[in-house]
Each structure stands twice: as C-alpha cells, then as structure tokens.
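Working notes, structure below.
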Amino acid sequence: MNDMDQRIQGLAMFIMARHLTQVKFEVPGKPVSWARAGSNGSRRFTPPEQAKYKDRLKNIARKHCDHPHEGPVVLKVSAFFPIPKSWPKWKQHAATVGLIRPSSKPDVDNVLKMVMDALNEVAYKDDALIVNAEVCAWYQKNPYVDVDVVRYPSITREIFDAIKDVIDRSDKSDPYQMMVDRVEAKLDV
C-alpha cells in the first residue's frame with residue numbers, strides 16, 4: 001500500500017470510528033449453541049431449546065436495535081457458563097475469577113453461530129455484513145451471554161471522494177482532526 005492509500009485508509013477509519021453505533025445487551029441464562037436441525041423420518045426440525053433461545057435472543061436484541069444495519073459490523077460475544085456444582089469450592093472459586101475456563105461442549109463457535117443467526121434482520125441486514133467476530137467463554141455463578149454489536153457506516157463514493165479531495169489538498173503534517181473536520185464539512189455531517 002502506498003503512502004496516499006495509507007492516508008486515505010487512516011482518515012476513513014478515523015471518520016468511521018466517529019460515526020459508528022454500538023449496541024450492547026445481555027441475554028440471561030445458560031448459553032445455548034447452534035445445532036444442526038434434527039429429523040424424524042422425512043421431516044426436519046429445530047431442537048426446541050435452540051428455537052426458544054433464538055427467539056429470546058431476537059426479542060432482547062429488538063429492544064436495543066431500532067433497525068437492521070446495512071453496513072460493516074463487528075460482533076463480540078462473551079458466553080458465561082454455569083460453574084459445575086459438583087466441583088470443589090477451590091475449583092469453583094478459581095473458575096469465578098477466570099483461572100479455569102470452559103473447554104468442553106458446547107463449542108464457542110456454535111454459541112457464536114446461534115447469536116449471529118438470531119441477530120439476522122434485527123441488528124444487521126445479514127450476517128454476511130460481519131467483518132470481524134470474537135467469541136470467548138468464561139464461568140460465572142449466574143450464566144448469561146454478553147453481546148456487543150459495533151455498526152460502522154458504509155463508505156460511499158461521496159465519502160471516498162471527499163476524503164481523497166481533502167488529502168490531496170492537505171499537507172502531510174496536517175493533523176487528522178483538521179482533515180476530518182474538512183471532510184465532514186464537505187459532507188455536511
């Protein structure tokens with residue numbers, strides 16, 4: 001990437017960061033992972049626990065999302081699983097403070113898939129818009145799933161041209177903030 005491209009990218013990222021929206025919410029209860037549809041003969045069905053959890057996740061997300069976003073999305077999911085009651089007290093305490101992490105079923109990728117599917121048409125138009133996804137698993141006395149959706153604005157031709165024009169007319173020593181102000185003035189943001 002040449003110097004001009006780096007400056008365009010840097011300024012675009014700075015502007016996008018100023019105009020992103022973030023949606024955060026928690027889903028109380030034990031995390032439920034996505035599973036393949038079951039079948040009984042020729043009919044396929046979604047396991048009832050999965051369908052119920054997906055509906056609950058959607059309903060909670062709807063309270064926090066005014067419309068499905070149509071631009072790039074970063075999704076962060078933290079799954080907090082119940083600490084096994086059969087464990088000795090020392091092990092339960094070690095799990096509570098994060099020294100022991102869940103490393104058994106359900107797989108964290110399937111928890112992430114469940115969240116991604118449930119947020120389709122709620123937090124974002126389609127899960128293909130997710131450009132980065134993170135998931136981690138922890139133990140907690142009261143299990144829940146923490147969901148953080150960072151929604152970035154889409155770069156349009158008008159925005160790109162405004163950024164490129166400002167960079168073309170700027171000195172390399174101009175501070176980003178001054179260039180951002182110029183771009184936003186051009187776009188009347």
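How many residues are of a type in the set (D, E, K, R), assigned to a helix (DSSP H, G or I) and more than 28 Å from the chain's Cα centre (by Cα) when one looks only at segment 152-180? Please lay out each step first, then the result.
Kept after step one, since they are of a type in the set (D, E, K, R), are these residues of segment 152-180: 157-158, 161, 164-165, 168-169, 171-172, 174.
If we keep only those that are assigned to a helix (DSSP H, G or I) as well, we get 157-158, 161, 164-165, 168-169.
Of the ones still in play, those that are also more than 28 Å from the chain's Cα centre (by Cα) are 161, 164-165, 168-169.
Summing the residues that are of a type in the set (D, E, K, R), assigned to a helix (DSSP H, G or I) and more than 28 Å from the chain's Cα centre (by Cα) in segment 152-180 gives 5.
Scanning for something without any contact (Cβ under 8 Å) to a residue 24 or more places away in the chain, assigned by TED's automatic domain parsing to the domain that holds Ala94 and exposed (fewer than 12 other Cβ atoms within 10 Å of the Cβ), does segment 137-147 turn up at least one residue?
Within segment 137-147, the first condition is being without any contact (Cβ under 8 Å) to a residue 24 or more places away in the chain, and the residues that meet it are none.
No, every residue in segment 137-147 fails to be without any contact (Cβ under 8 Å) to a residue 24 or more places away in the chain, assigned by TED's automatic domain parsing to the domain that holds Ala94 and exposed (fewer than 12 other Cβ atoms within 10 Å of the Cβ).
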- In the set Val149, Val115, which member is in a strand (DSSP E or B) and either of a type outside the set (Val, Ile, Thr) or out of contact with any Lys or Arg (no Cβ under 7 Å at 6 or more places or on another chain) (or both)? Val149
- Test Pro84 against the criterion of being buried (at least 16 other Cβ atoms within 10 Å of the Cβ), over 20 Å from the mean Cα position of the chain (by Cα) and in a loop (DSSP other than H, G, I, E, B), and give yes or no. no
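Looking for something in a strand (DSSP E or B), closer than 19 Å to Val27 by Cα and in contact with a Cys (Cβ under 8 Å, 6 or more places away or on another chain) - is there at least one such residue anywhere in segment 119-130? Write out each step before concluding.
Here is the first cut: in segment 119-130, the residues in a strand (DSSP E or B) are 120, 124, 130.
Checking which are closer than 19 Å to Val27 by Cα leaves us with 120, 124.
Going one step further and asking which of them are in contact with a Cys (Cβ under 8 Å, 6 or more places away or on another chain), we end up with none.
Checked segment 119-130: no residue is in a strand (DSSP E or B), closer than 19 Å to Val27 by Cα and in contact with a Cys (Cβ under 8 Å, 6 or more places away or on another chain).
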- Where a residue in segment 164-188 is within 14 Å of Gln9 (Cα to Cα) and without any contact (Cβ under 8 Å) to a residue 60 or more places away in the chain and its partner, wherever it lies, is among the hydrophobic types (A, V, I, L, M, F, W, C) and exposed (fewer than 13 other Cβ atoms within 10 Å of the Cβ), with Cβ under 9 Å and at least six apart: Asp168/Met4
- Task: Name, by its number, the condition in (1) surrounded by fewer than 12 Cβ atoms within 10 Å (Cβ to Cβ); (2) modelled with pLDDT of 95 or more that does not hold for Ile100.
- Result: (1)
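Could you list all residues from segment 106-121 that are touching a Pro at 6+ places or on another chain (Cβ under 6 Å) and more than 9 Å from Trp34 (Cα to Cα)? Talk me through it step by step, then tell me what you get.
So the first thing to find is which residues in segment 106-121 are touching a Pro at 6+ places or on another chain (Cβ under 6 Å), and the list is 111, 121.
If the condition is that a residue be touching a Pro at 6+ places or on another chain (Cβ under 6 Å) and more than 9 Å from Trp34 (Cα to Cα), then Glu121 is the only one that fits.
The values are calculated or read from the model by the stated rules, or taken from the named source; none is laboratory data. What you see is a predicted model; the values in this text were computed from it and never measured. As a convention, Cβ positions derive from the backbone with ideal geometry for all residues, glycine included, and neighbour counts pool all protein chains shown.
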